[in-house]
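Undergrad: Just passing along the structure, written as structure tokens.
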Amino acid sequence: MIYEEKTIETIPVGPLGLIPLKSCAELGEKVNRHLVEWRRERESEHKSTIAFTGYQRDNYIIDAQTPRFGSGEAKGTIEESIRGDDLYFMVDVCNYSLTYNYFGQENRMSPDDHYQDLKRLIQAASGKAHRVNVVMPLLYGGRQHRRSYRESLDCAYMLQELQHMGVSNLLTFDAHDPRVQNAVPVMGFDNLMPTYQVLKKLFKDFPDLSTDKNDFMIVSPDEGALNRNMHYASVLGVELGMFY
């Protein structure tokens with residue numbers, strides 16, 4: 001019996017919308033260019049059996065602003081309709097290069113400032129989006145992931161707060177402790193490990209680097225990073241050490 005091969009495509013949740021905050025503007029542009037080129041390639045190859053009418057765009061970035069008042073307070077505004085869209089908010093909470101004027105003084109944006117701007121724009125969406133996703137390369141509060149005595153649980157509370165605001169999925173890279181996702185067991189949490197990209201960048205920037213066992217070893221900075229560095233050491237075939 002001969003079976004006819006068919007290309008199975010996943011129907012998009014809704015029209016795709018990217019909202020990169022200022023802290024993630026460069027990454028947002030790269031993602032946007034990749035999506036535009038990929039969709040055009042798929043369309044030209046005629047591989048899809050489903051007509052993605054309305055999903056092909058020349059630009060997936062939605063204009064959004066987080067202006068500040070003279071008092072230092074801020075607001076979030078989305079300049080386009082996002083009704084029914086599958087939104088992806090992108091924020092780099094550790095981008096310390098951004099500044100704003102505060103009573104005549106130049107003030108650098110802290111992780112708290114970036115996180116507040118993210119919440120302002122999610123509020124501005126007013127629940128009209130079909131689905132809300134957050135791309136956060138560095139997990140906000142990720143280092144404060146467990147409690148010792150009377151301490152805050154910043155990362156866990158952040159995840160619960162975003163879930164309460166209607167966020168369906170959060171994507172991050174190499175979380176300090178991915179077990180923090182237990183705080184939101186019914187919300188999507190993707191912890192992507194950029195192991196290959198790290199090694200690729202390392203050998204590109206240091207082409208004369210020797211990974212011979214006599215010249216090179218992996219040292220884990222703490223116990224929490226041990227699993228990650230065990231993987232690096234096994235892939236490169238070198239010795240492993242750890243600071244305690």
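Undergrad: Could you give the length gained by full extension between LYS201 and LEU153, i.e. 0.36 nm per residue of separation minus their alpha carbon distance, to one decimal place?
TA: On the way: separation 48, 0.36 × 48 = 17.28 nm, distance 3.32 nm.
So the chain would gain 14.0 nm between LYS201 and LEU153.
Undergrad: Just ALA125, ALA233, ALA156 to compare: in a GNM of the chain, with alpha carbon springs under 10 Å, which one fluctuates most?
TA: Result: ALA233 has the largest fluctuation of those listed.
Undergrad: Where does each of ARG150, ARG179, ARG33, ARG120 land when they are ordered by accessible area, with a 1.4 Å probe and the largest first?
TA: Most to least solvent-accessible, the answer reads ARG150, ARG179, ARG33, ARG120.
Undergrad: So, with a 1.4 angstrom probe, what is the percent of accessible area on the chain that is carbon and sulfur? Show your work: numbers first, answer last.
TA: Details: 8080 of 15950 Å².
In the chain, the share of accessible area belonging to carbon and sulfur is 51 percent.
Undergrad: Now for a different question. Looking at LEU226, THR172, PHE89, which one has the Cα that reaches farthest to the positive end of the dipole of the chain (charges on Cβ: Lys, Arg +1; Asp, Glu -1)?
TA: PHE89
Undergrad: Subtract the Cα-Cα distance of GLU26 and VAL235 from 0.36 nm times their separation in residues, and report this length gain in nm to one decimal.
TA: 72.1 nm
Undergrad: Taking loop as defined by DSSP and a crowding limit of 16 other beta carbons within 10 Å, which chymotrypsin sites (Phe, Trp or Tyr not before Pro) in the range 142-233 fit?
TA: The qualifying sites are TYR149, PHE216.
Undergrad: Ignoring ligands and nucleic acids, what accessible area does TYR55 show with a 1.4 Å probe (Å², nearest 10)?
TA: 50 Å²
Undergrad: Averaged per residue, what accessible surface does the chain expose to a 1.4 Å probe, in Å²?
TA: That works out to 65 Å² per residue.
Undergrad: Shifting gears a bit: 7 Å from Cα along Cα→Cβ at both LEU35 and ASN107: what's the point-to-point distance in nm?
TA: 3.2 nm
Undergrad: Which links in LYS75/LYS128; LYS30/LYS75; LYS22/LYS201 stretch past 22 Å when you go from one Cα to the other?
TA: Correct reply: LYS30/LYS75; LYS22/LYS201.
Undergrad: For the residue pair THR99 and ARG68, what label-to-label distance in nm results when each label sits 7 Å from Cα along the Cα-to-beta-carbon direction?
TA: Those two pseudo-labels are separated by 1.1 nm.
The values are calculated or read from the model by the stated rules, or taken from the named source; none is laboratory data. For clarity, every value in this text was computed on a predicted model and none was experimentally measured. So basically every Cβ, Gly included, is an ideal-geometry build from the backbone, and we count neighbours across all protein chains shown. Note: accessible area is taken over every heavy atom of the protein model, side chains too, but ligands, DNA and RNA are not part of it. Shrake-Rupley method; radii C 1.70, N 1.55, O 1.52, S 1.80 Å.
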